[in-house]
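Values in this text are rule-based calculations from the coordinates and carry no lab data. Bear in mind that the values here come from a model prediction, so they are computed numbers and not experimental data. All Cβ positions, glycine included, derive from the backbone under ideal geometry; neighbour counts span all protein chains shown.
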Amino acid sequence: MNRPLLQLALDNTSLEDAFNTLNTGVDEVVDIIECGTILLCAEGKKAVETIRNRYPDKLVVADFKISDSGRVMAGLLLEYKPDLITCNASAHIGTVKAVMDEIKERGLNTRVQIELYGNWTMDDVHVWKEIGVKQLILHHSRDIKGGWSDAEIAKAKELCDLGMEVTVTGSIEYKDFERFKGLPLYCIIAGRSIRDSANPKEEARKMIQTLEQLWK
Ligand code: 5RP
């Protein structure tokens, strides 16, 4: 089983601070760089433009969690050709389709990821699958006290079993990776556990080594 990819969430509150993180050398270690929702709120689409220009060959995510006005919102971010773009699970199916149409019309290969918050159901997953969404992000909100519950991990497994490419995120540190062992996850996202560590590059390296050991 391939190891999950490691995504660095840049939820910094400015681009300057995001580059303070990236310039530690962590950019060479992680598989995916995420322009986080917080960074997009702080800096707008310029964040995707700047990160894309600096990393033309790296997988880049525009994590705007689009929930309405799919064509316009996605269009603003798609100008800079992110590899992945997120929609909120609460978005109307028409919004998700609009994002996909915008991608198609621009001739891009950007993949849509649905970020699972709130009151989504397995029926929703089937509908997303039917319209061509392949990727889901199971999110443990930073506003929930405590770590991942067994029920959340079981949910991740259920989504993998449906054949979706599943990413997990939210308050995950490398010592939590073992709990996901055996799941064919697409990716694990780490934000604060990398950014706030004394040495982000070493922290990410330790994470990759742990993933390699656990998923070999
Ligand atoms: C917040 C996000 C974060 O990028 C994600 O949850 C990772 O953050 P952390 O590891 O710091 O909890 O999508 O909207």
Exercise. Amide H to amide H under 5 Å from ILE66: which residues, 5+ apart in sequence or cross-chain, H placed 1.01 Å off N in plane?
Worked result: THR86, CYS87, ASN88
Problem set entry | Surrounding net charge for ARG205, when Lys and Arg each add one and Asp and Glu each subtract one, Cβ distance under 13 Å | -4
Seminar exercise, completed: Counting only residues 5 or more apart in sequence or on a different chain, those whose built amide H sits under 5 Å from that of LEU5 are CYS187, ILE188
Exercise. What is the sum of charges around PRO4, taking Lys and Arg as +1, Asp and Glu as -1, for the other residues whose C-beta is under 14 Å from the C-beta of PRO4?
Worked result: 0
Problem set entry | Average projected area [Cα convex hull, the chain], square nanometres | 11.1
Exercise. Considering only Cα-Cα distances, which of the following residue pairs are longer than 25 Å: LYS65/LYS157; LYS175/LYS216; LYS45/LYS206; LYS129/LYS201; LYS104/LYS155; LYS134/LYS181?
Worked result: LYS45/LYS206; LYS129/LYS201; LYS104/LYS155
Exercise. Looking only at GluC sites (Glu not before Pro) in DSSP loops with at most 14 other Cβ atoms within 10 Å, what is the longest site-free stretch of the chain?
Worked result: 80-172
Exercise. Want the number for ILE208 to MET1: 0.36 nm per residue separation, take away the alpha-carbon distance, what's left?
Worked result: 73.0 nm
For this session: Specify the residue with the greatest mean-square fluctuation among THR121, THR169, THR110, computed from a Gaussian network of the chain linking alpha-carbon atoms under 10 Å apart.
Result: THR121
For this session: State whether segment 1-89 is rounded, prolate or oblate according to the following rule on the C-alpha gyration tensor (a ≥ b ≥ c being the square roots of its eigenvalues): a/c under 1.5 gives rounded; otherwise a/b larger than b/c gives prolate, and the remaining case gives oblate.
Result: oblate
Problem set entry | From phi via Karplus (6.51, -1.76, 1.60), per-residue ³J(HN,Hα) for segment 167-181 in Hz, x at Gly/Pro | 10, 10, 7, x, 6, 9, 10, 4, 5, 7, 4, 4, 5, 9, 3
Seminar exercise, completed: Scalar couplings 3J(HN,Hα) for segment 22-35 by Karplus 6.51 cos²θ - 1.76 cosθ + 1.60 (θ = phi - 60°), nearest whole Hz, x for Gly and Pro, are 4, 6, 6, x, 5, 4, 6, 9, 6, 7, 9, 10, 9, 6
For this session: Give the value in nm², to one decimal: projected area of the alpha carbon convex hull of segment 1-52, averaged over all directions.
Result: 3.7
Problem set entry | Highest-MSF residue in the chain out of ALA89, ALA74, ALA42 [GNM, Cα springs under 10 Å] | ALA42
For this session: At 0.36 nm per residue, minus the direct Cα-Cα distance, what do TRP120 and LYS81 gain on full extension? Give it in nm, one decimal, please.
Result: 11.2 nm
Exercise. Whole number please: convex hull volume per residue of the Cα set in segment 51-128, in Å³?
Worked result: 86
